[in-house]
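Beneath this line is the structure, given in structure tokens, with notes to follow.
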Amino acid sequence: MSDLRDPAPYDALLLLSFGGPEGPDDVVPFLENVTRGRGIPKERLKEVGQHYFLFGGVSPINDQNRALLDALRKDFTEHDLDLPVYWGNRNWAPYLADTLREMTAAGHRRIAVLTTSAYASYSGCRQYRENLADALEALRAEGLDVPRVDKLRHYFNHPGFVRPMIEGVLASLADLPEEVRSGAHLAFTTHSIPTSAADTSGPEPEHGDGGAYVRQHLDVAALIAGAVREETGVDHPWQLVYQSRSGAPHIPWLEPDICDHLEALHASGAPAAVMVPIGFVSDHMEVLYDLDTEATAKGAELGLPVRRSATVGADPRFAAAVRDLVLERAATERGIAAERCALGALGASHDLCPVGCCPARAPKPAAAGADSPYA
């Protein structure tokens, strides 16, 4: 194996995700895990859980992660990359600490970590690093050898993440009635977060003007809109919008909401819209309910034809991108220069989150960063 195809020093890859319930009895315990420490009454959690109960109490995210695991293992095998792939979640089985315990027992000591969040933010990056620190501390308390974990860089602008989404938009446009297709607007959607978290996302020099979170999404949206223009010859108007707000009403969150945006498009005379969920790796509950159910119903109510384009999911190009990210980081750790694939204006993200990156309201230890106590 050549230097640039050697995974060393890594001896395993961990897919780290959010988790979700897999039956009606799981819904409230899952939501208790998600909201732990916030003092939310169980009755309120039952109300929130109605989104899950509409789908039999099952979140699609776990099956989608299983499909991604299969795609990663298939890609690694086909490219002679001898790197076992494990899976752990923040909020549901398989729990992160259990998976790290299993990996430690199997002898793994240097682990690359892929999170199912492509962008910089507290909830999308640093909180996962805090989860890793908590799990490693639990292993240390049990007297186990604590492995080193390295989180792979943000991949929002990697070609293997962007190009499948471009094809998804083209397919959705083609599915619209011909008479409205050329005038369709593109609504690029992502998870809303508090504006304070958006403003402080990314390394400290990037804070302000929406921080890295908004800037990264705008870059991806511009990439996709530009590629669609080149492919179709039509310059579709577009905007970055938000969905899935869950915070208290008095706290400012990123806006506009997708449903409000659809109302504004209809009022302006737009003939159709394609919703493009660039903020999500797969079709999990926020996509299934907030877009496919709620926003699609809003379009029908308005008489506005809407389509929702595909997320990346387990696309083979995304699996290949993960292989790229692993080998790129492995080469860098060995002191070898490697090509860092990235589209758009922002370039490849940092490997190591610096001190002060995506800060939390209450500072907590975080692994896989410059301030990690587990280096």
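The values are calculated or read from the model by the stated rules, or taken from the named source; none is laboratory data. The model shown is predicted, which means the values in this text are computed figures rather than measured ones. A quick note on method: Cβ atoms are made from the backbone with ideal geometry, for glycine too, and the neighbour counts reach across all protein chains shown. Just the protein is used for accessible areas: all its heavy atoms, side chains included, with ligands, DNA and RNA removed. Shrake-Rupley method; radii C 1.70, N 1.55, O 1.52, S 1.80 Å.
Side notes on the structure shown:
- A Cβ distance below 7 Å, combined with a sequence gap of six or more or placement on separate chains, defines the contacts here; from region 46-58, residues that are closer than 12 Å to Tyr289 by Cα and outside any helix (DSSP H, G or I) reach residues that are among the aliphatic types (A, V, I, L, M) and open to solvent by less than 60 Å² (accessible area, probe 1.4 Å) in the pairs Gly49/Val27; Gly49/Val28; Gly49/Leu31; Phe55/Leu288.
- Residues located in region 320-349, provided they are under 23 Å from Ile224 (Cβ atoms) and not in a helix (DSSP H, G or I): Glu339, Arg340, Cys341, Ala342, Leu343, Gly344, Ala345, Leu346, Gly347, Ala348, Ser349
- Qualifying residue in region 184-202 (condition: open to solvent by 30 Å² or more (accessible area, probe 1.4 Å) and without any contact (Cβ under 8 Å) to a residue 40 or more places away in the chain): yes
- Positions within region 209-264 being part of a loop (DSSP other than H, G, I, E, B), within 14 Å of Leu186 (Cβ to Cβ) and open to solvent by 30 Å² or more (accessible area, probe 1.4 Å), in sequence order: Val234, Asp235, Pro237
- Failed item in (1) at pLDDT 95 or above; (2) farther than 20 Å from Ala321 by Cα; (3) in a loop (DSSP other than H, G, I, E, B); (4) charged (D, E, K, R), with Asp80 passing the rest: (2)
- Gly168 vs. criteria open to solvent by less than 40 Å² (accessible area, probe 1.4 Å), in a loop (DSSP other than H, G, I, E, B) and under 26 Å from Pro271 (Cβ atoms): no
- Within region 133-161, the set of residues being closer than 18 Å to Asp98 by Cα and in a helix (DSSP H, G or I) comprises Ala133, Asp134, Ala135, Leu136, Glu137, Ala138, Leu139, Arg140, Ala141.
- Yes/no for Arg323 being touching an Asp or Glu at 6+ places or on another chain (Cβ under 7 Å) and free of Cβ contacts under 8 Å to residues at least 24 places away in the same chain: no
- Those residues of region 323-335 which are touching a Leu at 6+ places or on another chain (Cβ under 7 Å) and either open to solvent by 40 Å² or more (accessible area, probe 1.4 Å) or closer than 16 Å to Pro159 by Cα (or both), in sequence order: Arg323, Leu325, Val326, Leu327
- Residues of region 136-148 that are aliphatic (A, V, I, L, M) and either touching a Gly at 6+ places or on another chain (Cβ under 8 Å) or open to solvent by 10 Å² or more (accessible area, probe 1.4 Å) (or both): Ala138, Ala141, Leu144, Val146.
Every residue, every condition in (1) among the hydroxyl-bearing types (Ser, Thr, Tyr); (2) touching a residue at least 60 places away in the same chain (Cβ under 8 Å); (3) farther than 26 Å from Leu72 by Cα; (4) out of contact with any Cys (no Cβ under 9 Å at 6 or more places or on another chain), yes or no:
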position	(1), (2), (3), (4)
Thr116	yes, yes, no, yes
Tyr119	yes, yes, no, no
Tyr128	yes, yes, no, yes
Asn131	no, yes, no, yes
Val169	no, yes, no, yes
Glu178	no, no, yes, yes
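Residues checked against (1) under 15 Å from Gly313 (Cβ atoms); (2) surrounded by 17 or more Cβ atoms within 10 Å (Cβ to Cβ); (3) not hydrophobic (A, V, I, L, M, F, W, C):
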site	(1), (2), (3)
Arg38	no, no, yes
Glu43	no, no, yes
Val48	no, no, no
Gly57	no, yes, yes
Asn62	yes, yes, yes
Leu72	yes, yes, no
